[in-house]
Structure formats: C-alpha cells, structure tokens
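We did not get these values from a lab; they are worked out from the coordinates using the rules stated. From a predicted model like this one, the values you see are computed outputs, not experimental measurements. In this analysis, Cβ positions are derived from the backbone assuming ideal geometry, glycine residues included, and neighbour counts consider all displayed protein chains.
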Amino acid sequence: MPLNIWGQPVGDSLPDWQPRPTPQRRTLEGNWCRLIPLQQEQAPGLYHAFSQASDDSHWTWLPMEPPRDVDAFTRQLAQAAATDDPLHFTVMDNASQRPVGTLALMRIVPQHGVMEVGHVHFSALMQRSPLSTEAHWLLMQYAFNELGYRRYEWKCDSLNAPSRRAAQRLGFQYEGVFRQALVYKGRNRDTAWYSIIDSEWPHLNTAFQRWLSPANFDGQGGQRQTLEALRQRSPTGR
C-alpha cells in the first residue's frame, strides 16, 4: 500500500488519469436489440409494450406512478427525453422492430469516471429472452470500452428483490445498504448499492459475449449455459 511523506496510507497513484467523456445520445447496436435515444414519438409503442403486463406491479419501485393513458405517458416521456442526466435510452427489439423497454445512464461524474444505470423499465415483451441482458451489456460496453469509465453502479430499493437478483446475475458486486436514503411515493427507501469496476470488466465482458452468442440458445430459445456458469470459467475459457 502506498504511503505519503508522513507515512500515512493513501490510494494508488493515477498519474495518467483524465476526466472521461460525457455519454452522448447515440445508437448502440446489438444482435438481439439496439438502444436508441429516448424520444417522445416512441410513447405509443412503449405504452403498448408496458400495457402487456397483467397489472401495474412493474411500476412499484419506479419513481413515477403508472400513467392514466397514452397522453399522460407521452408527457412523462417528453420530460424524460429532454434530460442529459439521466440520459434515457429505448430498447428496440431487432426481430419485431418495436420498442420494448427503457433504461438510462445517470449520476454521471466524468471527473471521477463513475456512472450509474437506472430507470430500468423492461416490458413483459422482454421476459424470457436475451434482450434484457444484451441491453445492459450494450450500456456497460459503452461505459467501459468506449468512454473509459472506472466504475459502473446499480442502485435499487433494498426491498426490490427482482432488481437485486438481476444485479447479482449480471455480475455486480454488492456493497451494502444506505439506510433511509430517499423518500419517494410518500415512503422510505433504503438503497442497496452494487457496482462493477474496470478491472472486473474484461472477464465479465467475455462471459456476456459467450452467453449472448446464438450458439448458446437451443431451437426453443432456451439457454444452454447460464451467465453465472460462464462467469465462473477462467479467463482462458477452461
């Protein structure tokens, strides 16, 4: 561990560090889906996708309430599309060419190379398909490979068990719970924190690529190997 001139332990030196670029509105292409900048014109398609759920439980841990109708949703979407942080993206299904969900990069701090994925809202049309995994992978690749960020965060209500399972499945490391971190929808939120850092990314990236390969899926779309199993393999593939 490095010591300063007074013999105190300090963090590793980063002599070549430079603030990272700010994420931009751009399209990120994948095999199963692509991410495009969120736009107000996508509201009818997204409203239809979110309406495929049997109830409104998928809105429980989002910061906004379910919209009353497509006009209310259009106004909600227009506000989200106008912000740079969060920077929202729409998930487009390459097979159907329809919007099926949204997610965002947020709490973007270029000087420290830190950003968070949030506002994740995937419709029922993405369930039991590779789209949700690839959508997350596309944003991770953008953050680490293209923009050179050091830390990529995932935060959720500590009571949101599906979100916590998703973070762990995707390879995020659990860091703890910030108690009474927020008040939203008139209730308390303890926030669970997860992260991936740049030194972990190459191995995770290899596992994502192997999992997303068409060869990993059978004729019925079932996975041959889980993402967790592929992540447990050594970097050399053994």
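Brief remarks follow.
- Backbone amide hydrogens, once placed in the peptide plane, bring PHE122 within less than 5 Å of THR102, excluding anything fewer than 5 places away on its chain.
- Förster radius 25 Å - calculated FRET efficiency between THR27 and GLN180 (Cβ-Cβ, nearest 0.05): 0.05
- Region 185-219 and region 53-101: distance between their alpha carbon centers, rounded to Å: 21 Å
- Cut-off 13 Å, label 7 Å out along Cα→Cβ of ALA82, residues of region 186-203 by amide N: none
- Rounded to the nearest 10 degrees, the inclination of helix 201-212 to the longest alpha-carbon principal axis of the chain is 30 degrees.
- Efficiency of FRET from Cβ geometry, ILE197 and GLN232, R₀ 22 Å, rounded to 0.05: 0.70
- Check: the chain dipole with +1 on Lys, Arg Cβ and -1 on Asp, Glu Cβ, in debye: 420 debye
- Inverse of mean 1/r across different Cα pairs in region 28-232, Kirkwood, Å: 17.7 Å
- From least to most packed, judged by other beta carbons within 10 angstrom and beginning with the fewest, HIS88, HIS121 follow the order HIS121, HIS88.
- Dividing the helix sum by the residues of the chain, where each DSSP H run of 4 or more adds -39500 (n - 2.57), gives a mean residue ellipticity at 222 nm of -7000 deg cm²/dmol.
- Cα-based Rg of region 114-231 normalised by 2.2 N^0.38 Å, two decimals: 1.13
- Computed over region 113-156, the Cα gyration tensor eigenvalues convert (square root of 5λ each) into semi-axes of 22, 12, 6 Å, ordered from largest to smallest.
- Shape call, region 188-238: gyration tensor on alpha carbons, a/c limit 1.5: oblate
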